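Reading through the structure tokens given below for one structure.
The values are calculated or read from the model by the stated rules, or taken from the named source; none is laboratory data. Predicted, not measured: the structure shown is a model, and the values here were computed from it. With ideal geometry, Cβ positions are generated from the backbone for all residues, glycine too; neighbour counts draw on all protein chains shown. In case anyone asks, the SASA skips ligands and DNA or RNA and just uses the protein heavy atoms, side chains included. Shrake-Rupley method; radii C 1.70, N 1.55, O 1.52, S 1.80 Å.
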Amino acid sequence: MRGPDTLSLLGDDHEAFEAVLSGEVAGPVAVVGGPFSGRGTVLDRAVQELDATRVALDPSDSVDRVRGEIKGGPVVVEDCQHLYERRISGFEGLSAFLNDLASVDATVVTGWNRYAWAYLTAVQALDREFPVTVGVQPLPAERIAELVLDRYDGMPAFVADDPDQGGLVVTTHHEISWRDWSVSVPVPMLSPVAVRGLFSDGDLDPKDVTFGRLAAVSNGNLGVATAIWETRQGAEVRPSDIAVPASDRDLDREEAFCLRIVLAKERVNRAQLAGIVDGLDRVLGRLSRDGLVTVEDDLVELVPAAVPAAAPATERGRIL
């Protein structure tokens with residue numbers, strides 16, 4: 001099974017990342033990407049090229065999990081969003097980590113959820129601590145198709161939708177730099193070449209339409225696209241089968257706040273939420289029924305296929 005390469009994932013930031021791996025640029029590095037977008041693949045490359053120790057942080061980990069490692073040579077620290085909590089005194093672990101980074105000569109490559117990064121940049125000026133920051137970029141529809149289909153032994157039959165039902169445009173959420181929020185934008189699901197082909201001879205490959213839709217609704221996020229793809233059923237697939245699980249109701253303030261934390265953490269211990277979300281059991285029950293999170297034992301996890309619905313749902317509540 002092939003995965004995306006760092007050139008595809010980093011786009012214009014690829015040269016900056018290569019400069020770090022070759023030793024041309026010093027200082028700590030931040031790899032920032034959306035939930036399930038491929039940060040791990042970029043960090044895999046850093047581990048390999050630097051012969052680095054890898055530390056993957058979990059929701060229950062404290063800063064002590066990584067403090068000793070970063071002083072012993074090149075190190076890659078994954079899921080750094082677990083170094084803080086959204087509560088009073090919740091930044092102590094993060095501050096200790098950043099203080100340690102300031103005194104380390106070895107290369108340290110860190111991975112961050114982009115929603116956590118946006119929040120910490122706004123409230124803690126986190127971006128000032130990293131001379132090099134690279135971002136995981138959206139993948140085009142052709143690459144999404146190649147990588148998604150490579151995961152499976154068989155290929156479904158692609159069937160066209162009724163042309164009278166439309167479907168050449170899908171409303172997606174375009175990310176903007178201010179506070180890392182998004183706006184709803186109608187996005188064509190096809191390349192200009194495909195559109196010209198449609199109007200010239202009316203012959204449009206339903207596979208192209210399907211993966212154009214998949215890339216659009218997932219915002220080019222491979223992990224999200226794969227999860228949405230897996231929600232389909234049967235041996236046939238139509239473009240209209242590609243949809244984002246979404247609630248038909250607006251979230252209240254507590255639900256939006258809780259979901260934003262899970263969106264930024266990807267997975268979080270229930271205990272971390274208990275002290276800051278009122279009526280947590282009821283809130284998690286509703287979010288779970290809406291298909292936005294899963295709750296098992298003490299762990300609350302974001303549902304990958306629901307990311308395109310979760311982000312705008314929290315932004316409507318003006319939650320950073």
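Would you mention how many residues in region 1-35 are among the hydrophobic types (A, V, I, L, M, F, W, C), open to solvent by 30 Å² or more (accessible area, probe 1.4 Å) and either in a loop (DSSP other than H, G, I, E, B) or in contact (Cβ under 8 Å) with a residue 60 or more places away in the chain (or both)? Result for region 1-35: 4.
This table checks each residue for (1) touching a helix residue (DSSP H, G or I) at 6+ places or on another chain (Cβ under 8 Å); (2) modelled with pLDDT of 95 or more; (3) farther than 25 Å from LEU57 by Cβ; (4) part of a helix (DSSP H, G or I).
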position	(1), (2), (3), (4)
GLY220	yes, yes, yes, no
GLY223	yes, yes, no, yes
ARG232	yes, no, yes, no
PRO245	yes, no, yes, no
ARG249	no, no, yes, no
CYS258	yes, yes, no, yes
ALA264	yes, yes, no, yes
VAL268	yes, yes, no, no
LEU284	yes, yes, no, yes
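Can you pull out the residues in region 71-82 that are more than 19 Å from ILE319 (Cα to Cα) and either open to solvent by less than 10 Å² (accessible area, probe 1.4 Å) or assigned to a loop (DSSP other than H, G, I, E, B) (or both)? Across region 71-82, the qualifying residues are GLY72, GLY73, PRO74, VAL75, VAL76, VAL77, ASP79, CYS80. Taken as a whole, the structure leaves VAL300 outside the set of residues that are of a type in the set (A, V, I, L, M, F, W, C) and either modelled with pLDDT under 95 or assigned to a loop (DSSP other than H, G, I, E, B) (or both). Among the residues examined, ASP58 qualifies as surrounded by fewer than 20 Cβ atoms within 10 Å (Cβ to Cβ), of a type outside the set (Gly, Ala, Ser), out of contact with any Gly (no Cβ under 7 Å at 6 or more places or on another chain) and outside any helix (DSSP H, G or I). Checking GLY68, GLY38 one by one, the residue that is out of contact with any Lys or Arg (no Cβ under 8 Å at 6 or more places or on another chain) and crowded, with 17+ Cβ neighbours inside 10 Å is GLY38 and no other.
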